[in-house]
């Protein structure tokens, strides 16, 4: 019986991540002994997408594979959290996905279920929480601390000694200025940094900032 690897989501990001996951698994496992599928929570009709089966979350949970693993290629942090909680409760282990040309040096601590897309870089002494998304060309520099369910869109520049708290979303091309060990730059819990923003000072929790230098757009009441 084959092992089953489920990638949650069928949107653009999931379709970009799927070949990365397939290439990674193919390098280390006999391709006749596992299957990689898309998983959708509310699927009405099973099908096929980009050469991979699409199955429902219920079918994935019920599947009698020799072993099962999951990852989540969905941007919404709270959806990721819900899926991860349900899968772990069902004794299904997360697997991390890293592109062959991603760079991750030693001395980093990366949590379960991370996705490091093509041309991403994690340098040294960074600590990253669970289910991190690093989209193409993003980097995390030395001594950064990244929380759980954080999303970096393409080409995010996260310089050294930056703290990004749980559920934060950093938009395409944003730059997070380097902090210091004594005074790191902090992007608060649930905050959103807009596309192309240049963040030169800390961002309060549940706040959206845009522009150069980044300034507050609105304050949210809670994480959705």
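The listed residues are 43, 61, 36, and the only one of them that is touching a helix residue (DSSP H, G or I) at 6+ places or on another chain (Cβ under 9 Å) and either buried (at least 20 other Cβ atoms within 10 Å of the Cβ) or assigned to a strand (DSSP E or B) (or both) turns out to be 36. Residues in the stretch 99-130 that are more than 22 Å from residue 27 (Cα to Cα) and either in contact with a strand residue (DSSP E or B) (Cβ under 8 Å, 6 or more places away or on another chain) or surrounded by 18 or more Cβ atoms within 10 Å (Cβ to Cβ) (or both): 108, 109, 123, 126, 127, 128, 129, 130. Is at least one residue of the stretch 132-148 in contact with a helix residue (DSSP H, G or I) (Cβ under 7 Å, 6 or more places away or on another chain) and either over 25 Å from residue 197 (Cβ atoms) or touching a residue at least 40 places away in the same chain (Cβ under 8 Å) (or both)? Within the stretch 132-148, none of the residues are in contact with a helix residue (DSSP H, G or I) (Cβ under 7 Å, 6 or more places away or on another chain) and either over 25 Å from residue 197 (Cβ atoms) or touching a residue at least 40 places away in the same chain (Cβ under 8 Å) (or both).
Condition check ((1) in contact (Cβ under 8 Å) with a residue 40 or more places away in the chain; (2) assigned to a helix (DSSP H, G or I); (3) closer than 19 Å to residue 14 by Cβ) across all residues:
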site: 54; (1), (2), (3): yes, no, yes
site: 65; (1), (2), (3): yes, no, no
site: 69; (1), (2), (3): yes, no, yes
site: 75; (1), (2), (3): yes, no, yes
site: 83; (1), (2), (3): yes, yes, yes
site: 130; (1), (2), (3): yes, no, yes
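Bear in mind that the values in this text are calculations on the coordinates, not laboratory data. None of these values were measured; they are calculated from a predicted model. Heads up, the Cβs are rebuilt from the backbone with ideal geometry, glycines too, and the neighbour counts pull from every protein chain shown.
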